[in-house]
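Below is one structure, written out as structure tokens, with a few remarks after it.
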Amino acid sequence: SCMKWIVDAQLPPRLKTWLTQKGEDAVHVFELENGLQLLDSQIWQYAKNNQCIVITKDKDFFDFSNLFGAPPQTVFISVGNCSNDLLISLIEKYFADILYNLKNSSPLIVVTQNNIYSY
């Protein structure tokens, strides 16, 4: 069964396309009503209400996850500034591990340049 993802504003719409090509159900924040104006707390609430996984580079969501736990589950991409190509290849590299941890109810998954951590 596929999972529902919400791709946060700092990540490229291309990531949403990549996820759907993998058979996942994904939406980019920009596609939501008033997407550009949504606060992080509103995106968090939307994800919680709609059983979405938040994939993000925004540390606020890392903090929300530590404060409130899941739902929603959070995939935090901790790589700083990098090209979209590098970003997608990094997610591709760890995607099987990300899915495995999500399916095992990990509330927070952190992806770095060299590793993936599940909390």
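Tabulated data for the structure shown
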quantity: Bridge type composition, the chain - antiparallel percent by DSSP, nearest 5; calculated: 15 percent
quantity: Residues of the chain: accessible area per residue with a 1.4 Å probe, Å²; calculated: 53 Å²
quantity: The chain, accessible surface, carbon-and-sulfur percent (1.4 angstrom probe); calculated: 48 percent
quantity: FRET E, pair TYR100, LEU39, Förster distance 35 Å, beta-carbon r, rounded to 0.05; calculated: 0.65
quantity: Selected from VAL79, VAL54, VAL29 as most flexible by GNM, with the chain as the system and alpha-carbon contacts under 10 Å; calculated: VAL79
quantity: In the stretch 21-119, trypsin sites (Lys or Arg not before Pro) in a DSSP loop with at most 16 other beta-carbon atoms within 10 Å; calculated: LYS22
quantity: Binned Cα-Cα distances of the chain, short to long, each 10 Å bin given as a whole percent; calculated: 14, 52, 32, 1
quantity: Förster radius 35 Å - calculated FRET efficiency between ASN115 and LEU32, Cβ distance, rounded to 0.05; calculated: 0.65
quantity: Selected from GLU24, GLU33, GLU92 as most flexible by GNM, with the chain as the system and alpha-carbon contacts under 10 Å; calculated: GLU33
quantity: CD proxy at 222 nm, helix term only [per DSSP H run n ≥ 4: -39500 (n - 2.57); per residue of the chain; nearest 500]; calculated: -13000 deg cm²/dmol
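The values are calculated or read from the model by the stated rules, or taken from the named source; none is laboratory data. Quick caveat, the model's predicted, so the values are computed rather than measured. Note that each Cβ is placed from the backbone with ideal geometry, even for glycine, and that neighbours are counted across all protein chains shown. Please note that ligands, DNA and RNA were not included when accessible areas were found on the heavy atoms of the full protein model with its side chains. Shrake-Rupley method; radii C 1.70, N 1.55, O 1.52, S 1.80 Å.
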